[in-house]
1. When residue B:143 is evaluated against the numbered criteria (1) away from every other protein chain (no Cβ under 14 Å); (2) closer than 15 Å to residue B:92 by Cα; (3) within 16 Å of the ligand (Cβ to nearest atom), which criterion, by number, is the only one it fails?
2. Here's a check for you: in the range A:150-163, which residue that is surrounded by fewer than 20 Cβ atoms within 10 Å (Cβ to Cβ) and part of a helix (DSSP H, G or I) is nearest to the chain's Cα centre (by Cα)?
3. Restrict the check to the range B:87-104 and report whether at least one residue is within 14 Å of the ligand (Cβ to nearest atom) and crowded, with 24+ Cβ neighbours inside 10 Å.
4. Considering A:2, A:46, which residue is more than 9 Å from chain B (Cβ to nearest Cβ), in contact with a strand residue (DSSP E or B) (Cβ under 9 Å, 6 or more places away or on another chain) and buried (at least 17 other Cβ atoms within 10 Å of the Cβ)?
5. Exactly one of (1) buried (at least 16 other Cβ atoms within 10 Å of the Cβ); (2) more than 24 Å from residue A:2 (Cα to Cα) is unmet by residue A:110. Its number?
6. Within the range B:8-29, work out how many residues are more than 10 Å from the ligand (Cβ to nearest atom) and not in a loop (DSSP other than H, G, I, E, B).
7. Taking the conditions exactly as written (in contact (Cβ under 8 Å) with a residue 40 or more places away in the chain, closer than 18 Å to residue B:145 by Cα and either within 13 Å of chain A (Cβ to nearest Cβ) or within 16 Å of the ligand (Cβ to nearest atom) (or both)), does residue B:2 satisfy them or not?
8. Within the range B:151-164, can one find any residue that is buried (at least 16 other Cβ atoms within 10 Å of the Cβ), in contact with a helix residue (DSSP H, G or I) (Cβ under 6 Å, 6 or more places away or on another chain) and assigned to a loop (DSSP other than H, G, I, E, B)?
Ligand SMILES: Nc1ncnc2c1ncn2[C@@H]1O[C@H](COP(=O)(O)OP(=O)(O)OP(=O)(O)O)[C@@H](O)[C@H]1O
């Protein structure tokens, strides 16, 4: 697991990220999300849609900001992180696209605040899979979905420009 | 609100900071109200300006014009977080040994003209084109990046675009001696990339004429 400060709100605590591959209980996790199981205290994101750690940190930072000002668009801080990854304001669609599915085998768990040891224990006990560090997450990205979800111009082809396009989409969500 | 920030510019309507953000260095632009206006009206106008600046930046990015990527827009506090461009301004470049050579000037001019043509094609008018607001990316060896969209707006008027170019021309003549050739090269490249170049460049002549008359009247 890796932890990063929220630069705009240091008092809220860190953003904790843990990547899991070979996940075996996605169907169960998805079910718990659907019934809004309160014991699930962190967000889970489909990892093949994450180009760079910056993408997640930005979505989480925006969620933390909106939580502070009482402006969450979704039910929980966790769902807000997933929602924020999407450039559109359609909540159901955003959660469906960036959240996990029954068939997910690789995911990123994200939690804002809390004691790192406890967060890691909770994540490891909940997700049945192999914990790896973010830098080891060399899995293929689903470029087709990324292009579709972020409406990336076909002329944009290098990774850095693609990432910038994605970031711009996340950033402009609240000022469309 | 902004932690570990380093103030890099204090202007009349905005403060610009460099600060860590999500493991990167980011530019944070804080717009504040002018004191003499009505407070609630002020807040509305300030907020509208922030949105407009972010939208114009994003619109350029989507048209593949190199501009700072917008990271986050905090309307509550009138802040825009954006990509920090490492490099120097064209203004600074033009006084370096390399920047004084015709080859370098011609390359940069071409890039500026092309970028401005593309920007006007998507109906974005910059509003404050100076050689300080044209930067050169260190990472790419000096490709041109347009910054400071604080006065930008969307317009399809030939006149607005011509004035945009005129403002840049004035910036060149007032701060950089012997750059007539370079500015002509900017307009040449603009002529190739701007769809309405003919009309806009013709209008630029009118705008110049008016400018001259005005300065003659004092
Ligand atoms: N994205 C950026 N990357 C690097 N430096 C920047 C960036 N944005 C601004 N700067 C630096 O900060 C200076 C001031 O920024 P900017 O021109 O946006 O503010 P301003 O002139 O005060 O705003 P305005 O013209 O909207 O009132 C720039 O000249 C440049 O040196």
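1. It fails just one condition, (1).
2. A:163
3. Yes, the range B:87-104 contains at least one residue that is within 14 Å of the ligand (Cβ to nearest atom) and crowded, with 24+ Cβ neighbours inside 10 Å.
4. After applying the criteria, what remains is A:46.
5. Unmet condition: (2).
6. Going through the range B:8-29 one residue at a time, the tally reaches 4.
7. no
8. Taking every residue of the range B:151-164 in turn, at least one turns out to be buried (at least 16 other Cβ atoms within 10 Å of the Cβ), in contact with a helix residue (DSSP H, G or I) (Cβ under 6 Å, 6 or more places away or on another chain) and assigned to a loop (DSSP other than H, G, I, E, B).
Read-outs throughout are calculated quantities, based only on the coordinates presented, and are distinct from any laboratory measurement. No experiment lies behind these values; they were computed from the predicted model shown. Methodologically, a virtual Cβ is constructed for each residue, glycine included, from the backbone with ideal geometry; neighbour enumeration extends over all protein chains shown.
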